[in-house]
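Enquirer: This is the structure I have questions about; it appears just below.
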Amino acid sequence: MKTKAVRMYGEKDLRLEEFELPAIKDDEILAKIISDSICMSSYKSSSQGIKHKRVPNDVAENPIIMGHEFCGEIVEVGSKWADKFSAGKKFSIQPALNYEGGPVGILSAPGYSYQFIGGDSQYVIIPAEVMEHDCLLDYQGDSYYMGSLAEPMSCVVGGFHANYHTTPGSYVHKMGIVEGGAMALLAGVGPMGLGAIDYAIHCDRKPGLLVVTDIDTARLERAASIYTVEEAKANGVELVYVNTAEEGKGVDYLKSLTPKGEGFDDVFVYAPVAPVVEQADKLLGFDGCLNFFAGPTNPEFSAQFNFYNVHYAATHVVGTSGGNTDDMVESLKMMAEGKLNPSTMLTHIGGLDAVIETTLNLPNIPGGKKLVYNNISMPLVALADLKDMEGDLYQGLAEIVEKHNGLWSPEAEKFLLANAPAI
């Protein structure tokens, strides 16, 4: 079967090509990919090429398919899996396989390491290790884009689960955020921060106080219009948005928002910026946990950390890179139940022919998540710009987006897939 896909041949060498997929083996599955969300991790891997730990050394001869936040439909099932999977079923994939036998060992993942599976392809062959590690996940939602956004959402979920706290006199770690405690999300109104606000308000282990900071007024106002103080309160969370660029809104003010002004139990850093990390350190209360969520591109990235407080106040730091399968299952379940709406993460859409430029320039494109549909031809377009574009397709999408408070929706996706030109 022929497929069109974006493949990596080396550093900043991505190519949109058509090629033949081999016939599937008895322990493989053929699938059609509908949507893929482009991640900063894809930018990092495409920028580094074989220097990236997940990318094989032979990509110049055996290119890999890009993209790891994808959703699609099963087309054909090998005999080994016929009793578990069937054609026509929607699916998402947990790309962190943790499979030692992969192309680069334990770090192997679709979208980084494999020739025949990745999110930026029309069709893929799902290898046996994906099913063997329970990483092919059933998806019951009515749209494909939410299935694509389940992977980044699982990263948020995993971060909440990875935080830990202690009891004086005991060395046992209690995993997860402090229920009913004080939480801060710093640089928290980007796409991942928005997902974290959504999860913090609607999960089963909520903070009592949630303070969200940024230095961009427009982004803070957008976040506040989506996740309102009133909605948070209805779910038992006191939500406060703070622009820390304003005078008097620094560390002392933020700590004053916490009970007795003693600082936060859980602080998440959503931007790899040293001053933000150092601010997070200063905000920690006794036994406070700093979660360094945003991965830097600079391997020498560092920031100061108060080790006096590590010793005497039991402050500590954790970091997570991606979510595990349980985190992704939780994300998919909450989406299907209507408890999470990752539409807030999404600000741009495009077709398969927009992947290369978007991936290579991702840090320079403002806004949140960029989503592509693999079977259409379309430049990357900001949802906010649809109303200014000519043509029935764009104007029709603009009307639907406006109806949904400026957000992408299952209705918008259906309209796009029905009317956009095929690639």
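The values are calculated or read from the model by the stated rules, or taken from the named source; none is laboratory data. Values in this document were obtained by computation on a predicted structure and should not be read as measured data. Note that we place each Cβ from the backbone using ideal geometry, even for glycine, and neighbour counts take in every protein chain shown. Ligands, DNA and RNA are excluded from the accessible area calculation, which covers all protein heavy atoms including side chains. Shrake-Rupley method; radii C 1.70, N 1.55, O 1.52, S 1.80 Å.
Enquirer: Quick check, is Leu407 in contact with a Leu (Cβ under 8 Å, 6 or more places away or on another chain) and either in contact (Cβ under 8 Å) with a residue 24 or more places away in the chain or open to solvent by 70 Å² or more (accessible area, probe 1.4 Å) (or both)?
Expert: Yes.
Enquirer: Of all residues being under 17 Å from Asp58 (Cβ atoms) and not in a loop (DSSP other than H, G, I, E, B) in segment 97-109, which is least open to solvent (accessible area, probe 1.4 Å)? Just the residue, please.
Expert: So, considering only residues that are under 17 Å from Asp58 (Cβ atoms) and not in a loop (DSSP other than H, G, I, E, B), the one least open to solvent (accessible area, probe 1.4 Å) is Gly105.
Enquirer: Check whether at least one residue in segment 211-231 is of a type in the set (Ser, Thr, Tyr), assigned to a loop (DSSP other than H, G, I, E, B) and crowded, with 21+ Cβ neighbours inside 10 Å, and report yes or no.
Expert: Yes, some residue in segment 211-231 is of a type in the set (Ser, Thr, Tyr), assigned to a loop (DSSP other than H, G, I, E, B) and crowded, with 21+ Cβ neighbours inside 10 Å.
Enquirer: Being touching a residue at least 60 places away in the same chain (Cβ under 8 Å) and open to solvent by less than 20 Å² (accessible area, probe 1.4 Å) narrows it down to one residue among Leu386, Leu397, Leu352, Leu360; which is it?
Expert: The conditions single out Leu352.
Enquirer: Looking at segment 179-210, which of the residues that are outside any helix (DSSP H, G or I) and small (Gly, Ala, Ser) is nearest to the chain's Cα centre (by Cα)?
Expert: Gly190
Enquirer: Does at least one position in segment 122-132 carry a residue that is hydroxyl-bearing (Ser, Thr, Tyr), touching a helix residue (DSSP H, G or I) at 6+ places or on another chain (Cβ under 6 Å) and under 25 Å from Lys369 (Cα atoms)?
Expert: no
Enquirer: If you take the residues in segment 363-383 that are without any contact (Cβ under 8 Å) to a residue 40 or more places away in the chain and touching a Gly at 6+ places or on another chain (Cβ under 7 Å), which one is most open to solvent (accessible area, probe 1.4 Å)?
Expert: In this case the residue turns out to be Pro379.
Enquirer: For Asp142, state whether it is open to solvent by 30 Å² or more (accessible area, probe 1.4 Å), over 20 Å from Leu346 (Cα atoms) and more than 16 Å from the chain's Cα centre (by Cα).
Expert: For Asp142, the condition - open to solvent by 30 Å² or more (accessible area, probe 1.4 Å), over 20 Å from Leu346 (Cα atoms) and more than 16 Å from the chain's Cα centre (by Cα) - is not met.
Enquirer: From the residues in segment 265-284 that are in contact with a Gly (Cβ under 6 Å, 6 or more places away or on another chain) and assigned to a strand (DSSP E or B), which one is nearest to Asn306 (Cα to Cα)?
Expert: Checked segment 265-284; the qualifying residue nearest to Asn306 (Cα to Cα) is Leu284.
Enquirer: Okay, moving on. Checking Gly248 against (1) in a loop (DSSP other than H, G, I, E, B); (2) surrounded by 14 or more Cβ atoms within 10 Å (Cβ to Cβ); (3) of a type outside the set (S, T, N, Q), which test does it fail?
Expert: (2)
Enquirer: Residues in segment 167-178 that are of a type in the set (A, V, I, L, M), in a loop (DSSP other than H, G, I, E, B) and within 17 Å of Leu290 (Cα to Cα): how many?
Expert: Summing the residues that are of a type in the set (A, V, I, L, M), in a loop (DSSP other than H, G, I, E, B) and within 17 Å of Leu290 (Cα to Cα) in segment 167-178 gives 2.
Enquirer: Quick one: in segment 371-399, which of the residues that are assigned to a loop (DSSP other than H, G, I, E, B) and among the hydrophobic types (A, V, I, L, M, F, W, C) is farthest from Leu149 (Cα to Cα)?
Expert: Here the answer is Met389.
Enquirer: For segment 63-85, which positions are open to solvent by less than 50 Å² (accessible area, probe 1.4 Å), closer than 17 Å to Tyr139 by Cβ and in a loop (DSSP other than H, G, I, E, B)?
Expert: Within segment 63-85, Gly67, His68, Glu69, Phe85 qualify.
Enquirer: Among the candidates Tyr112, Tyr123, single out the residue that is open to solvent by less than 20 Å² (accessible area, probe 1.4 Å) and hydroxyl-bearing (Ser, Thr, Tyr).
Expert: Tyr112
Enquirer: Let me ask something else about it. Please go through (1) open to solvent by 10 Å² or more (accessible area, probe 1.4 Å); (2) of a type outside the set (Lys, Arg); (3) closer than 30 Å to Thr244 by Cβ for Asn291 and return the number of the only condition it doesn't satisfy.
Expert: For Asn291, the failing item is (1).
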